[in-house]
Amino acid sequence: MAHVLSGFMNITDRLRFIFGPATRLDTDSPVVHKHDEFEQASDEDLSHFEVETDSQGHHYAVRREDLT
């Protein structure tokens, strides 16, 4: 087991040398999402659907036009 852990630590040391140390951010700060054109187009496409849940807890999408 110690050999596996030693090998893992060697790999992470090499990766840290290549990519730099891991970033330590403030975990209490909110995540900022940057909306690009692709994400806005996806949001527009998905806005035509409503998520429904059946009695067994399964989720599925229904077109809003079909709900009326």
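Here are the numbers:
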{"quantity": "Checking SER42 against (1) surrounded by 10 or more Cβ atoms within 10 Å (Cβ to Cβ); (2) polar (S, T, N, Q); (3) modelled with pLDDT under 85, the condition it does not meet", "calculated": "(3)"}
{"quantity": "Matching entry among THR12, THR23 (being surrounded by 10 or more Cβ atoms within 10 Å (Cβ to Cβ) and of a type in the set (Val, Ile, Thr))", "calculated": "THR12"}
{"quantity": "Residue within the range 30-38 that is under 25 Å from the mean Cα position of the chain (by Cα) and surrounded by 10 or more Cβ atoms within 10 Å (Cβ to Cβ) present", "calculated": "no"}
{"quantity": "Check on HIS48, touching a helix residue (DSSP H, G or I) at 6+ places or on another chain (Cβ under 8 Å) and not acidic (Asp, Glu)", "calculated": "yes"}
{"quantity": "Qualifying positions in the range 28-68 - touching a strand residue (DSSP E or B) at 6+ places or on another chain (Cβ under 8 Å) and of a type outside the set (Asp, Glu)", "calculated": "HIS48, PHE49, VAL51, THR53, HIS59, TYR60, ALA61, VAL62, ARG63, ARG64, LEU67"}
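Listed here are the residues, each with its yes/no results for (1) touching a residue at least 12 places away in the same chain (Cβ under 8 Å); (2) part of a helix (DSSP H, G or I).
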{"site": "ARG14", "(1), (2)": "no, yes"}
{"site": "ALA22", "(1), (2)": "no, no"}
{"site": "ASP28", "(1), (2)": "no, no"}
{"site": "SER42", "(1), (2)": "no, yes"}
{"site": "SER55", "(1), (2)": "no, no"}
{"site": "ALA61", "(1), (2)": "yes, no"}
{"site": "ASP66", "(1), (2)": "no, yes"}
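The values are calculated or read from the model by the stated rules, or taken from the named source; none is laboratory data. Computed from a predicted structure; not experimentally measured. Neighbour counts run over all protein chains shown; Cβ positions are idealised from the backbone, glycine included.
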